[in-house]
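Visitor: Encoded as structure tokens, here's the structure I'll be asking about.
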Protein chains: 2
Amino acid sequence: MTSTIDPHSLLRDYMAQHGLKASRQREIIADVFFTAQGHLTVDELLQRVRKVDARVSQATVYRAMRLLTDCGLAEPRNFSDGQTRYELAHGHEDHHDHLICTRCGQIVEFVDDRIEALQSKVAQSHGFSVTHHKMELYGICATCAKSDGA
Amino acid sequence: MTSTIDPHSLLRDYMAQHGLKASRQREIIADVFFTAQGHLTVDELLQRVRKVDARVSQATVYRAMRLLTDCGLAEPRNFSDGQTRYELAHGHEDHHDHLICTRCGQIVEFVDDRIEALQSKVAQSHGFSVTHHKMELYGICATCAKSDGA
DNA sequence: TTTGATGCAAAGGATTTGCATGAAT
DNA sequence: ATTCATGCAAATCCTTTGCATCAAA
């Protein structure tokens with residue numbers, strides 16, 4: 001049942017249905033984003049995009065990321081620095097949270113069903129029904145912990 | 001062992017130790033903040049402060065909230081709107097997370113030791129040692145759920 | 001008096017937007 | 001030909017800062 005849909009075609013369909021036009025810069029940005037597999041800021045994306053075409057503007061990246069967000073392919077995240085980072089949307093089934101090293105910035109994704117279950121339970125006990133949540137654990141990763149004591 | 005320290009005197013001591021001076025506006029802002037018991041933005045605080053003295057500037061509120069944060073009395077929070085909200089710091093022992101109604105904006109604080117325990121466990125399994133975390137559950141509160149179906 | 005606090009307005013950083021121009025349909 | 005997308009710069013929003021002035025100490 002879980003047919004892996006090509007993000008590119010999903011994007012193409014979305015644009016068709018909304019009367020949007022394709023463009024070279026849009027393709028580059030989408031390509032870079034789909035390939036990058038990270039949690040990139042607009043400026044980080046822009047840097048990579050400009051390696052392909054130096055004339056792409058920042059505004060276009062912002063606009064493209066909004067488009068990718070609107071069609072459900074990208075998800076904006078706000079961690080503890082003022083910048084929005086985008087990650088590939090994995091779909092609701094594949095929700096996950098983040099573990100962030102405050103020393104090196106490394107970001108690890110994780111899911112824990114036991115935590116998710118408890119979250120619903122806690123919310124229920126306050127009369128809430130949860131639609132979504134945000135959980136970030138900040139700490140020191142193994143690598144940094146090692147180089148620390150050295 | 002848990003002697004409840006008056007925030008005002010804590011603030012006074014902090015200022016003394018750091019060679020800072022008292023001021024009328026600082027007192028008003030601290031008063032408003034300690035009384036307000038909420039998760040207020042700078043502008044919300046400013047509004048309330050100006051009911052006491054209309055001439056207080058926004059910059060002063062920003063500066064005062066930084067001071068209160070520095071001396072451990074206030075805690076800045078960033079939820080899913082671009083504005084920083086300040087809440088009374090409860091101290092590390094009394095850490096808590098948030099339940100936020102996406103309809104009416106109501107914010108409920110909660111703690112769940114089972115979740116906290118699992119968080120450490122998950123982090124450990126990835127080699128991380130957690131220093132702090134952020135968890136927000138978004139959903140619909142009981143009141144909004146009722147007025148919904150009506 | 002000396003030093004820190006204030007108010008104002010200017011400056012910052014991140015993101016958005018208006019507009020003339022360029023490209024896709 | 002239309003209509004949307006782009007690039008640029010100006011505009012926003014939130015927050016911080018420089019500076020002359022005011023008020024604690």
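The values are calculated or read from the model by the stated rules, or taken from the named source; none is laboratory data. Everything numeric here is computed off the predicted structure, so don't read it as measured data. No Cβ is skipped: glycine too gets one built from the backbone with ideal geometry, and neighbour counts run over all protein chains shown.
Visitor: Can you find even one residue in the stretch A:124-139 that is more than 7 Å from chain B (Cβ to nearest Cβ) and modelled with pLDDT of 95 or more?
Guide: The first filter runs over the stretch A:124-139 and keeps only residues more than 7 Å from chain B (Cβ to nearest Cβ), leaving A:124-125.
Next cut, modelled with pLDDT of 95 or more only: A:124-125.
Yes, because at least one residue in the stretch A:124-139 is more than 7 Å from chain B (Cβ to nearest Cβ) and modelled with pLDDT of 95 or more.
Visitor: Any idea which of (1) more than 10 Å from DNA strand D (Cβ to nearest atom); (2) without any contact (Cβ under 8 Å) to a residue 60 or more places away in the chain; (3) on the phi < 0 side of the Ramachandran plot is the one residue B:37 doesn't satisfy?
Guide: So residue B:37 meets the others, but not (3).
Visitor: Select from the stretch A:21-68 the residues that are over 29 Å from residue A:80 (Cα atoms), hydrophobic (A, V, I, L, M, F, W, C) and more than 9 Å from DNA strand C (Cβ to nearest atom) and list them in ascending order. Steps first, answer last, please.
Guide: Residues of the stretch A:21-68 over 29 Å from residue A:80 (Cα atoms): A:21-25, A:27, A:52-55.
Now narrow it down to the ones that are hydrophobic (A, V, I, L, M, F, W, C): A:22, A:52, A:54.
Those that are over 29 Å from residue A:80 (Cα atoms), hydrophobic (A, V, I, L, M, F, W, C) and more than 9 Å from DNA strand C (Cβ to nearest atom): A:52, A:54.
Visitor: Ok, one more. Against the definition (crowded, with 19+ Cβ neighbours inside 10 Å, free of Cβ contacts under 8 Å to residues at least 24 places away in the same chain, on the phi < 0 side of the Ramachandran plot and more than 16 Å from DNA strand D (Cβ to nearest atom)), how does residue B:123 come out, yes or no?
Guide: Numbers: crowded, with 19+ Cβ neighbours inside 10 Å: yes; free of Cβ contacts under 8 Å to residues at least 24 places away in the same chain: yes; on the phi < 0 side of the Ramachandran plot: yes; more than 16 Å from DNA strand D (Cβ to nearest atom): yes.
It is true that residue B:123 is crowded, with 19+ Cβ neighbours inside 10 Å, free of Cβ contacts under 8 Å to residues at least 24 places away in the same chain, on the phi < 0 side of the Ramachandran plot and more than 16 Å from DNA strand D (Cβ to nearest atom).
Visitor: While we're on this one: Taking residue B:49, is it surrounded by 13 or more Cβ atoms within 10 Å (Cβ to Cβ) and more than 10 Å from DNA strand D (Cβ to nearest atom)?
Guide: On the way: surrounded by 13 or more Cβ atoms within 10 Å (Cβ to Cβ): yes; more than 10 Å from DNA strand D (Cβ to nearest atom): yes.
It is true that residue B:49 is surrounded by 13 or more Cβ atoms within 10 Å (Cβ to Cβ) and more than 10 Å from DNA strand D (Cβ to nearest atom).
Visitor: Name every residue in the stretch A:7-28 that is closer than 16 Å to residue A:72 by Cβ and either exposed (fewer than 10 other Cβ atoms within 10 Å of the Cβ) or of a type in the set (Val, Ile, Thr) (or both), in order of residue number.
Guide: Listed by number, the residues that qualify are A:9, A:17.
Visitor: Can you pull out the residues in the stretch B:70-95 that are closer than 22 Å to residue B:12 by Cα and near DNA strand D (Cβ under 9 Å from one of its atoms)?
Guide: Taking the stretch B:70-95 first, the residues closer than 22 Å to residue B:12 by Cα are B:70-76, B:86-92.
Answer for the stretch B:70-95, where residues must be closer than 22 Å to residue B:12 by Cα and near DNA strand D (Cβ under 9 Å from one of its atoms): just B:76.
Visitor: Looking only at the stretch B:5-18, decide whether some residue is among the charged types (D, E, K, R), more than 14 Å from DNA strand C (Cβ to nearest atom) and not in a helix (DSSP H, G or I).
Guide: So far as the stretch B:5-18 goes, yes, one or more of its residues are among the charged types (D, E, K, R), more than 14 Å from DNA strand C (Cβ to nearest atom) and not in a helix (DSSP H, G or I).
Visitor: Looking at the stretch B:36-59, which of its residues are in contact with a strand residue (DSSP E or B) (Cβ under 9 Å, 6 or more places away or on another chain) and under 14 Å from residue B:25 (Cβ atoms)?
Guide: B:42, B:45, B:48 - these are the residues of the stretch B:36-59 that are in contact with a strand residue (DSSP E or B) (Cβ under 9 Å, 6 or more places away or on another chain) and under 14 Å from residue B:25 (Cβ atoms).
Visitor: Check the stretch B:102-112 and report whether any residue there is surrounded by 11 or more Cβ atoms within 10 Å (Cβ to Cβ), in contact (Cβ under 8 Å) with a residue 60 or more places away in the chain and among the hydrophobic types (A, V, I, L, M, F, W, C). It would help to see each step written out before you state the result.
Guide: Residues of the stretch B:102-112 surrounded by 11 or more Cβ atoms within 10 Å (Cβ to Cβ): B:102-112.
Now restrict to residues that are in contact (Cβ under 8 Å) with a residue 60 or more places away in the chain: B:107.
Keeping just the survivors that are among the hydrophobic types (A, V, I, L, M, F, W, C) gives B:107.
Yes, the conditions are met somewhere in the stretch B:102-112.
Visitor: Can you name the residue in the stretch B:1-15 that is under 16 Å from residue B:35 (Cα atoms) and among the aliphatic types (A, V, I, L, M) and is also modelled with the lowest pLDDT among such residues?
Guide: B:5
Visitor: Sticking with this structure for a sec: Quick check, is residue A:83 more than 11 Å from every other protein chain (Cβ to nearest Cβ), surrounded by fewer than 19 Cβ atoms within 10 Å (Cβ to Cβ) and among the polar types (S, T, N, Q)? Full working, then the answer.
Guide: Numbers: more than 11 Å from every other protein chain (Cβ to nearest Cβ): yes; surrounded by fewer than 19 Cβ atoms within 10 Å (Cβ to Cβ): yes; among the polar types (S, T, N, Q): yes.
In short, yes.
Visitor: Here's another thing I want to ask about it. Tell me yes or no: at least one residue of the stretch A:86-101 is within 10 Å of DNA strand C (Cβ to nearest atom) and either surrounded by 14 or more Cβ atoms within 10 Å (Cβ to Cβ) or more than 14 Å from chain B (Cβ to nearest Cβ) (or both).
Guide: Step one: of the stretch A:86-101, the residues within 10 Å of DNA strand C (Cβ to nearest atom) are A:86.
Adding the requirement that they be either surrounded by 14 or more Cβ atoms within 10 Å (Cβ to Cβ) or more than 14 Å from chain B (Cβ to nearest Cβ) (or both) leaves A:86.
Yes: the stretch A:86-101 contains one or more residues that are within 10 Å of DNA strand C (Cβ to nearest atom) and either surrounded by 14 or more Cβ atoms within 10 Å (Cβ to Cβ) or more than 14 Å from chain B (Cβ to nearest Cβ) (or both).
Visitor: Within the stretch B:43-80, which residues are of a type in the set (D, E, K, R) and within 14 Å of chain A (Cβ to nearest Cβ)? Full working, then the answer.
Guide: So in the stretch B:43-80, the residues of a type in the set (D, E, K, R) come out as B:43-44, B:48, B:50-51, B:53, B:55, B:63, B:66, B:70, B:75, B:77.
Within the stretch B:43-80, B:75, B:77 qualify.
Visitor: Going through the stretch A:55-69 one residue at a time, which ones are free of Cβ contacts under 8 Å to residues at least 40 places away in the same chain and either more than 9 Å from DNA strand D (Cβ to nearest atom) or under 19 Å from residue A:90 (Cα atoms) (or both)? Break it down stepwise before answering.
Guide: In the first step, residues of the stretch A:55-69 are kept if they are free of Cβ contacts under 8 Å to residues at least 40 places away in the same chain; the result is A:55-66, A:69.
Scanning the stretch A:55-69 gives A:64, A:65, A:66, A:69.
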